[in-house]
Amino acid sequence: MSSIQVDASITAEFRPVQGVLAQQSLLCIEQSGAIVHLRLNRPGKRNAMSDTMIRQLHTAFINLPPSARVVVISGEGSHFCAGLDLSEVSEQSVTDGIHHSRLWHAAFDAVQFGPVPVISVLHGAVVGGGLELAATTHLRVAEPSAYYGLPEGQRGIFVGGSGSARIPRLIGVSRMSDMMLTGRVFDAVEGQSVGLSNYLVREGEGLFKAFELATKIASNAPLSNYAITQALPRIAEMAPAEGLFVESLMSAIAQGDEAAKQRVRDFLEKRANKVEKTS
Ligand code: 1HE
């Protein structure tokens, strides 16, 4: 159990999640109310992602407790994640390599297209598959120690964990090519300016910020959150005419939900917050 500050005045008690989630030995999964905190828990290997860890991540995301409204992912130890466990790749055949990459795709799809929004907290190395995982999450909070690299070029391999589809959507093909061709590493400030992180906070404050955001997100209507994480990225990939049609359907579905009707009534009857500037 851990106590984590989630707001200037609120400290939440995170308790280990029971059942199948408790059996994922390379992950430490705790919950406080609507927020699930999942830590990559292989600090001795800098949270390098072995096949077992990828399978466990997949298992965790397809077995989230129904009460979960937001997941926060962070890395135990001094780094977020060192990417693919390189000790497992050297003897792979081409066929094994394809299946291996597809294993990552399935796990990361479960993260991005699971039932709830996911926030990652980035510190230290966010490299290779670690950056691919971060790019899969819906929001990224970085600490100043975070740095981003794609050393695949130097290792003689290619991204295989969905990076070629997800990272250019954050920073563009040109920047990603630079990182892969030259080994360029972005520090936390550069990462924030190119769009790798959504928030850059002080060292040690990443989890605090993530829980603060998670608390806000968890207070939204669940169907709105679902539309934002599921419909929005798909609509953005569609030709505008198709996208606009799906937008109309999604907005009518969300609007028709009782939670939306109540929230609109609350605003009209002066019970809801106004829109204000955020710091
Ligand atoms: C690892 C890995 C790993 C650390 N696979 N074992 N990823 C990389 O190319 C990154 C490789 N790792 C590093 O550059 C550094 O380890 C770090 C910058 C992340 C951290 O440095 P440091 O000084 O804190 O730790 P370390 O001493 O280098 O590593 C500690 C241990 O973790 C050590 O093992 P030990 O038994 O000697 O203690 C390292 O061997 C081990 N370790 N990183 C295996 N990645 C789906 S495709 C995805 C493609 C990719 O991700 S390619 C990028 C792979």
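The values are calculated or read from the model by the stated rules, or taken from the named source; none is laboratory data. Values in this document were obtained by computation on a predicted structure and should not be read as measured data. All Cβ positions, glycine included, derive from the backbone under ideal geometry; neighbour counts span all protein chains shown.
In region 61-98, the residue that is modelled with the lowest pLDDT out of those that are surrounded by fewer than 21 Cβ atoms within 10 Å (Cβ to Cβ), within 12 Å of the ligand (Cβ to nearest atom) and of a type in the set (Gly, Ala, Ser) is 90.
Of the residues 74, 67, 3, the single one that is under 19 Å from the mean Cα position of the chain (by Cα) and over 16 Å from residue 131 (Cα atoms) is 67.
Within region 117-156, the set of residues being within 12 Å of the ligand (Cβ to nearest atom) and in a strand (DSSP E or B) comprises 125, 126, 127, 147, 148, 149.
Within region 146-171, no residue that is without any contact (Cβ under 8 Å) to a residue 24 or more places away in the chain and closer than 10 Å to residue 136 by Cα sits with its Cβ atom under 8 Å from a residue that is in a helix (DSSP H, G or I) and hydrophobic (A, V, I, L, M, F, W, C) at 6+ positions apart or across chains. If I filter region 46-60 for residues that are away from the ligand (no atom under 16 Å from the Cβ), assigned to a helix (DSSP H, G or I) and either β-branched (Val, Ile, Thr) or closer than 30 Å to residue 223 by Cα (or both), do I get at least one hit? Yes, the conditions are met somewhere in region 46-60. Regarding residue 171, is this residue among the aliphatic types (A, V, I, L, M), near the ligand (Cβ under 10 Å from one of its atoms) and on the phi < 0 side of the Ramachandran plot? No: the conditions fail for residue 171. Set side by side, the residues 212, 237 differ, and just one is among the acidic types (Asp, Glu) and not assigned by TED's automatic domain parsing to the domain that holds residue 77, which is 237. Can you tell me which residue among 246, 264 is assigned to a helix (DSSP H, G or I), within 30 Å of residue 169 (Cβ to Cβ) and without any contact (Cβ under 8 Å) to a residue 60 or more places away in the chain? Within the list 246, 264, the selection yields 246. Restricting 169, 202 to those that are among the basic types (Lys, Arg), under 16 Å from the mean Cα position of the chain (by Cα) and surrounded by fewer than 19 Cβ atoms within 10 Å (Cβ to Cβ) reduces the list to 169.
Residue-by-condition table, conditions (1) among the hydroxyl-bearing types (Ser, Thr, Tyr); (2) more than 30 Å from residue 127 (Cβ to Cβ); (3) in contact with a strand residue (DSSP E or B) (Cβ under 6 Å, 6 or more places away or on another chain):
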site: 187; (1), (2), (3): no, no, yes
site: 199; (1), (2), (3): yes, no, yes
site: 248; (1), (2), (3): yes, yes, no
site: 266; (1), (2), (3): no, yes, no
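Residues in region 226-246 that are within 20 Å of residue 114 (Cα to Cα) and surrounded by 12 or more Cβ atoms within 10 Å (Cβ to Cβ): 226, 227, 228, 229, 230, 231, 232, 233, 234, 235, 246.
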